[in-house]
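This structure is in structure tokens; I'll ask about it shortly.
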Ligand code: IPD
């Protein structure tokens with residue numbers, strides 16, 4: 001796992017440099033995906049190409065699942081799950097909050113992961129059972145995770161598909177009355193790392209993809225957070241992440257606010 005992580009860190013750092021340089025040169029939308037506001041730029045593609053080439057050259061038998069479509073079957077048992085730019089809309093607008101996210105998974109479970117914030121250079125890492133780190137310093141969620149709900153700061157995000165976004169808007173509006181405040185920062189991998197670092201108290205979002213969650217989710221759980229999926233009101237998985245101590249109260253609130261399908265939990269997460 002340490003070797004997988006070391007490789008992931010090298011490649012993510014190189015990809016982050018590429019993304020930073022190309023941002024300075026100017027960025028345009030290259031295509032749209034699930035909806036007109038779900039964009040991809042040439043830089044997302046270039047970053048994914050670089051990551052694919054480096055990882056496949058170093059470990060030819062590994063599989064690959066990338067947000068922008070790069071893929072390879074695994075013969076080694078390891079699959080790399082990659083978001084070449086998480087926070088693409090922030091990247092497009094020059095908001096300095098987007099990341100390169102790379103995880104190595106075995107049997108569908110992330111075992112090593114890195115999330116590099118392209119503009120700040122912060123590097124979040126984790127290996128399964130080996131803990132989570134920010135720039136080499138151990139990360140641990142605070143022990144005040146069970147503080148009153150009204151004093152918790154909650155990160156969330158919205159789906160690109162407007163049918164789901166409408167339902168999320170209603171739920172977020174109900175949640176907002178019950179918590180300290182809401183943050184919509186625009187990069188799910190960094191939201192999960194923010195739970196790990198105690199920068200927010202909890203995170204909830206329906207409709208994430210594997211590449212949004214793989215590395216950041218491992219960072220969060222290795223820092224002591226609990227990460228679970230429940231059946232979301234929009235019909236896809238809703239991800240909840242919070243320190244173990246305050247998780248159940250947060251999950252109840254998320255259900256009451258309307259993020260979840262009324263029949264409740266259907267699947268356990270990590
Ligand atoms: C998106 C971001 C955003 C989240 C979306 C994701 P992308 O990833 O993480 O914060 O709300 O659900 O799809 O498209 O920028 O890689």
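Residues of region 100-109 being assigned to a strand (DSSP E or B), in contact with a strand residue (DSSP E or B) (Cβ under 9 Å, 6 or more places away or on another chain) and more than 9 Å from the ligand (Cβ to nearest atom), which ones?
100, 102, 103, 104, 105, 106
Considering each of 11, 40 in turn, give the residue that is part of a strand (DSSP E or B) and either within 17 Å of residue 66 (Cα to Cα) or out of contact with any helix residue (DSSP H, G or I) (no Cβ under 9 Å at 6 or more places or on another chain) (or both).
The conditions single out 40.
A follow-up question, please. Is there any pair with a first residue in region 89-103 that is under 18 Å from residue 55 (Cα atoms) and without any contact (Cβ under 8 Å) to a residue 12 or more places away in the chain and a second that is assigned to a helix (DSSP H, G or I) and away from the ligand (no atom under 12 Å from the Cβ) whose Cβ atoms are under 9 Å apart and which are 6 or more apart or on different chains, and what are they?
Filtered contacts from region 89-103: no entries.
Also, quick follow-up: Out of curiosity, is residue 245 out of contact with any strand residue (DSSP E or B) (no Cβ under 9 Å at 6 or more places or on another chain) and away from the ligand (no atom under 15 Å from the Cβ)?
So residue 245 fits the description; yes.
Working carefully through the options 56, 1, find the one that is under 22 Å from residue 127 (Cβ atoms), without any contact (Cβ under 8 Å) to a residue 60 or more places away in the chain, in contact with a strand residue (DSSP E or B) (Cβ under 8 Å, 6 or more places away or on another chain) and surrounded by fewer than 17 Cβ atoms within 10 Å (Cβ to Cβ).
56
Also, I was wondering about something else. For region 55-95, name all the residues that are away from the ligand (no atom under 14 Å from the Cβ) and assigned to a strand (DSSP E or B).
63, 64, 71, 72, 78, 79, 80
Please state which of the following conditions residue 200 fails to meet, knowing it meets all the rest: (1) closer than 18 Å to residue 244 by Cβ; (2) without any contact (Cβ under 8 Å) to a residue 60 or more places away in the chain; (3) away from the ligand (no atom under 11 Å from the Cβ); (4) assigned to a strand (DSSP E or B).
(4)
Further question: Return the total of residues in region 143-185 being over 17 Å from residue 248 (Cβ atoms) and in a loop (DSSP other than H, G, I, E, B).
The number of residues fulfilling the criteria is 9.
Here is a follow-up. I'm trying to understand the selection: among the residues of region 168-189, which are at pLDDT 95 or above, within 11 Å of the ligand (Cβ to nearest atom), more than 16 Å from residue 221 (Cβ to Cβ) and surrounded by 15 or more Cβ atoms within 10 Å (Cβ to Cβ)?
183, 185, 186, 187
The values are calculated or read from the model by the stated rules, or taken from the named source; none is laboratory data. Keep in mind that this is a model prediction, so the values were computed, not measured. Methodologically, a virtual Cβ is constructed for each residue, glycine included, from the backbone with ideal geometry; neighbour enumeration extends over all protein chains shown.
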